Amino acid sequence: MPRGRPKKAATEATAAGRGKAANNGANLGFDAQLFLSADKLRKNLEPSDYKHVVLGLIFLKHVSIAFEAKHAALLAEDPAAAEDPDEYLAERVFWVPKEARWSHLQASAKQPTIGKLIDEAMGAIENANKSLKGVLPKDYNRPALDKVMLGELIDLISGIATGEPSDRARDLLGRVYEYFLGGFAGSEGKRGGEFYTPRSVVRVLVEMLEPYKGRVYDPCCGSGGMFVQSEKFVESHGGRIGDIAIYGQESNYTTWRLAKMNLAVRGIDADIRWNNEGSFHKDELKDLRFDYILANPPFNISDWGGERLREDARWAYGVPPVGNANYAWLQHILWHLAPNGTAGVVLANGSMSSAQSGEDAIRKAMVEADVVDCMVSLPGQLFYSTQIPACLWFLTRNKNPGQKLRDRRGEVLFIDARKDGTLVDRTRKEFSDEDVAKIAGVYHAWCAGKDYEDVPGFCKSAKLDEIKGHSYVLTPGRYVGAEDVEDDDVAFPERLTALRTKLEGQFTEADTLTKTIRDRLAQFP
């Protein structure tokens, strides 16, 4: 590919983005074009590998822009201060040594040593910023990585936000980084779901929980999308970016690195812990309680090591089965909630109705303890990693907090959002802004006791006696008046195959029985 083409694509994409931004404010018009341009350069590299190559370079440009803007401001005020790393760290700007600045890499993009230069730049930034130690990718010089492709990527990324004020340039790069995370998750399919929760699902959680101020926690934080959206929420509602303190844990080291980079690009300070044992077996934050918890645990995980945790203090509502971690996650999250804390959790639909291995008894105990606040059924095709239908659990320690919220003890709100969402491609849906506002608006009206009404087919406020009458099954379709959703969480093609197999077996059995009857009848004259 000629060297000029990526740069041209970037320029055209940037121009398109500017035009679109002029028309609709903050919406990016060039993110998809950039992703397609970058993907064309991938050649035979696997998406799971390539994402670290691209995201690392976007990170480098982002920290360079932030540093150079602060450096120029300090030079104008006090040239001596401009060379003091502490002046930058105080404002959450990373110190970038000369050899790691984007201008240096951009000037060397066509050199055969570019891979070595990038690795050295990553190492220099890590050495100068302790919070990034062990986080940045440093394998750009490996023989398998095409150095021409690296140069073309640098040209492409150099075209992002060229000529924009530094604040807007950093914001655009942060949005591009976020878009690319989603794009790579889509490319990786099931593996992509391990590090990325679709943005529109996170928005529903954030808009319903409204994390304005306090501690926010995610026990399986992936690439940190829950935290990014929480910070965006605070800022968009007039708060300060430091009004929330962020805590998380992740068992996958590669994913933990993505989270650290994602938050760094956004200028978000966070305490994100990594260990390969995970939150169940090595709870890094076991003594902390949180005001808001947002989580998208892996669905129906069977190898979570539950047999080693039979006597754990977290199981206040019943010991979760060793073959499924769903109710372990719910109780781990409840354990970490502050007295007035609230949580939003993404789980497979089966968690709402399963009666296997005592899960129904745990669910009953949770309902009777009045810690279940709201249940939301989601439409299919929202997730990159699975076609299993999913739901949202909203949990709380206190349904009578006073202030602006009413006493809602003894009630649970059920929302059936299966008909919401719009197809964005052949296989995947997203919630629109209107969908998110509708779902969150109903919940807040119910919590406040103002302008809330049950809407047949969409939402219903149910008393605990009614839930008891449904054997503590929490599927919204049973309460809102719509058709019940499938009680299991098996995707439709799999259910159809199973039904066909069962029907064929019944046909065979019927044929055998018919033959037996005919043979018996034939014995009589």
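In this structure, does Tyr217 turn out to be in contact with a strand residue (DSSP E or B) (Cβ under 9 Å, 6 or more places away or on another chain), open to solvent by less than 30 Å² (accessible area, probe 1.4 Å) and aromatic (Phe, Trp, Tyr)?
yes
Counting only residues that are modelled with pLDDT of 95 or more, surrounded by 13 or more Cβ atoms within 10 Å (Cβ to Cβ) and assigned to a loop (DSSP other than H, G, I, E, B), how many does the range 458-486 have?
Residues meeting the conditions: 7.
Among the numbered criteria (1) open to solvent by 50 Å² or more (accessible area, probe 1.4 Å); (2) of a type in the set (A, V, I, L, M, F, W, C); (3) in contact (Cβ under 8 Å) with a residue 12 or more places away in the chain; (4) more than 30 Å from Val93 (Cα to Cα), which one does Trp274 miss?
Among (1) open to solvent by 50 Å² or more (accessible area, probe 1.4 Å); (2) of a type in the set (A, V, I, L, M, F, W, C); (3) in contact (Cβ under 8 Å) with a residue 12 or more places away in the chain; (4) more than 30 Å from Val93 (Cα to Cα), Trp274 violates only (4).
Could you count how many residues in the range 494-525 are open to solvent by less than 100 Å² (accessible area, probe 1.4 Å) and at pLDDT below 75?
From the range 494-525, those open to solvent by less than 100 Å² (accessible area, probe 1.4 Å) are 495-498, 501, 503, 505-506, 508, 510, 512, 514, 516-517, 519, 522; that's our starting set.
Within this subset, residues satisfying the condition of being at pLDDT below 75 are 495-498, 501, 505.
Here the count works out to 6.
So, in the range 435-457, of the ones that are closer than 20 Å to Arg418 by Cβ and small (Gly, Ala, Ser), which residue ends up surrounded by the most Cβ atoms within 10 Å (Cβ to Cβ)?
Here the answer is Ala440.
Cβ-Cβ distance below 7 Å, separation of 6 or more or different chains: which pairs start in the range 125-153 with a residue that is free of Cβ contacts under 8 Å to residues at least 40 places away in the same chain and farther than 18 Å from Thr254 by Cβ and end on one that is charged (D, E, K, R) and assigned to a loop (DSSP other than H, G, I, E, B)?
Pairs that qualify, where the first residue is free of Cβ contacts under 8 Å to residues at least 40 places away in the same chain and farther than 18 Å from Thr254 by Cβ and the partner is charged (D, E, K, R) and assigned to a loop (DSSP other than H, G, I, E, B): there are none.
Looking at the range 236-253, which of the residues that are among the polar types (S, T, N, Q) and either in contact (Cβ under 8 Å) with a residue 40 or more places away in the chain or in contact with a helix residue (DSSP H, G or I) (Cβ under 8 Å, 6 or more places away or on another chain) (or both) is nearest to Arg203 (Cα to Cα)?
Gln249
Mind listing whichever residues of the range 304-319 are in a loop (DSSP other than H, G, I, E, B) and either farther than 22 Å from Gly248 by Cβ or touching a Ser or Thr at 6+ places or on another chain (Cβ under 8 Å) (or both)? Even if it seems obvious, please write down each step before you answer.
Within the range 304-319, the subset in a loop (DSSP other than H, G, I, E, B) is 304-305, 309-319.
Passing the criteria: Arg310, Glu311, Trp315, Ala316, Tyr317, Gly318, Val319.
Here are the criteria: (1) in contact (Cβ under 8 Å) with a residue 40 or more places away in the chain; (2) hydrophobic (A, V, I, L, M, F, W, C); (3) under 22 Å from Met226 (Cα atoms); (4) outside any strand (DSSP E or B). Tell me which single one Leu294 does not satisfy.
(4)
Any idea which residue in the range 429-456 is nearest to Met352 (Cα to Cα), counting only those that are assigned to a loop (DSSP other than H, G, I, E, B) and either of a type outside the set (D, E, K, R) or touching a helix residue (DSSP H, G or I) at 6+ places or on another chain (Cβ under 7 Å) (or both)?
Looking at the filtered set, the residue picked out is Pro456.
Can we say Arg273 is within 18 Å of the chain's Cα centre (by Cα), of a type in the set (Lys, Arg) and modelled with pLDDT of 90 or more?
When the stated conditions are applied, Arg273 passes them.
Give the range 88-99 a look and list any residue that's at pLDDT below 90 and open to solvent by 70 Å² or more (accessible area, probe 1.4 Å), or say none. Don't jump to the end; show me each part of the working.
To start, the set of residues in the range 88-99 that are at pLDDT below 90 comprises 88-93.
Once the filter is applied, which keeps residues that are at pLDDT below 90 and open to solvent by 70 Å² or more (accessible area, probe 1.4 Å), the range 88-99 yields Leu89, Ala90, Glu91, Arg92.
With the structure loaded, tell me whether Glu231 is in a helix (DSSP H, G or I), under 20 Å from Val93 (Cβ atoms) and under 15 Å from the mean Cα position of the chain (by Cα) or whether it fails that test.
Yes: the conditions hold for Glu231.
Please specify each residue of the range 229-256 satisfying the condition of being touching a Phe, Trp or Tyr at 6+ places or on another chain (Cβ under 9 Å), modelled with pLDDT of 85 or more and open to solvent by 50 Å² or more (accessible area, probe 1.4 Å).
Within the range 229-256, Ser251, Asn252, Tyr253, Thr254 meet the criteria.
Quick check: anything in the range 250-261 among the small types (Gly, Ala, Ser), in contact with a Leu (Cβ under 7 Å, 6 or more places away or on another chain) and more than 30 Å from Arg310 (Cα to Cα)?
no
The values are calculated or read from the model by the stated rules, or taken from the named source; none is laboratory data. Source: prediction; values computed, not measured. Here the Cβ is made from the backbone with ideal geometry for all residues, glycine too, and neighbour counts use every protein chain on show. Heads up: the accessible areas ignore ligands, DNA and RNA and are worked out on the full protein's heavy atoms, side chains in. Shrake-Rupley method; radii C 1.70, N 1.55, O 1.52, S 1.80 Å.
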